[in-house]
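Report on the structure given below.
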Ligand SMILES: [Zn+2]
């Protein structure tokens, strides 16, 4: 009997598109970005409908695995949320904004679980809100789905060693602080500015300069990530694959080309594969109308199986 073995999975819900986008966030983030990725993947036959998994929304108790009770109470007010997200106007009845974060966090939870249990790459078409701390949201991140996903994963799978590889243009400061004294979670981040200094044995934070070019960026990655993986021996990698280091990004100031972005992504996947470690990928940032294409190309390459990953 023939059993179909997917090369990986996509995690997506139509709910990702609702809620937030209608409120007009004041940034150059393309709200249709992940819908475009999903549509293109299906249209070109890169993924089949059964390779797209629909998450359940996360609940308040999931959020409380990471965030303080008092802060969660504040977030029940849509206007507090609106301030973190720089929204122009939010009515006290806009509960669909927090629901957006519940769905995307549900997607992150499902991505980690599926990657580990099926031992294949899983791509959440969203997620990576890495700035949020237990009692404070910042930088468009009211909640930290990366950390919630990890804590939820541990309820089912125990204290597996988890490596967060955060290659978003911005520092994964919230995640690093949350796991600062947890030696079963190592956070690795290459970024422009350090938002918070985290001095611990469980993180590596590296700053790169404005207009960082392909070679500088890839050398920084190649000269550090393999050693981190060898020393830490992760059992699951959570990769925040932000598109904002790209030269055309409307927010970031690095100069990475299309080729370097792909090389970066495939290097992370190859390092994990070499060590037989599954990877859950979260989208992270990426701004401008063409940003969706970076994530789309990365997924296409992995799902087609022609990238040696
Ligand atoms: Zn970013």
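Every number in this text was worked out from the coordinates using simple rules, so none of it is lab data. Computed from a predicted model, the values in this text were never measured in an experiment. Neighbour counts run over all protein chains shown; Cβ positions are idealised from the backbone, glycine included.
Once C-alpha pairs closer than 8 Å and six or more residues apart are averaged by separation and normalised to the residue number of region 56-215, the relative contact order reads 18 percent.
Count the DSSP beta bridges whose two residues both fall in region 9-304, then state the antiparallel fraction as a percent rounded to the nearest 5.
Working: 3 of 30 bridges.
Beta bridges within region 9-304, antiparallel portion: roughly 10 percent.
Here the sum of -39500 (n - 2.57) over DSSP H runs of 4 or more residues, divided by the residues of the chain, equals -11500 deg cm²/dmol at 222 nm, to the nearest 500. Applying 1/(1 + (r/R0)^6) with R0 = 22 Å to the Cβ-Cβ distance of residue 39 and residue 304, what FRET efficiency is obtained, to the nearest 0.05? So the FRET efficiency works out to roughly 0.80.
By counting other Cβ atoms within 10 Å of each Cβ, how are 48, 154 ranked from fewest to most?
Values: 48 13, 154 17.
With the fewest neighbours first, 48, 154 line up as 48, 154.
When you count, for each residue, the other Cβ atoms within 10 Å and take the mean per peptide, how do 127-139, 31-43 rank with the highest first? Provide the component values of the computation, followed by the final result.
Details: 127-139: 22.3, 31-43: 18.2.
Result, highest mean first: 127-139, 31-43.
Summary of packing: across the peptides 212-219, 189-196, 238-245, the per-residue average of other C-beta atoms within 10 Å ranks them, highest first, as 238-245, 189-196, 212-219.
Relative intensity of region 128-184 on a log10 scale, I(q)/I(0) at q = 0.12, 0.15, 0.23 Å⁻¹, equals -0.26, -0.40, -0.91, per a Debye sum over C-alpha point scatterers of equal strength in the absence of solvent. Of the two radii for region 9-304, the radius of gyration is 0.93 times the Kirkwood radius, both from the alpha carbons; that is the Rg over Rh value. Across the chain, the mean sequence separation of Cα contacts (distance under 8 Å, 6 or more residues apart), normalised by length, yields a relative contact order of 20 percent.
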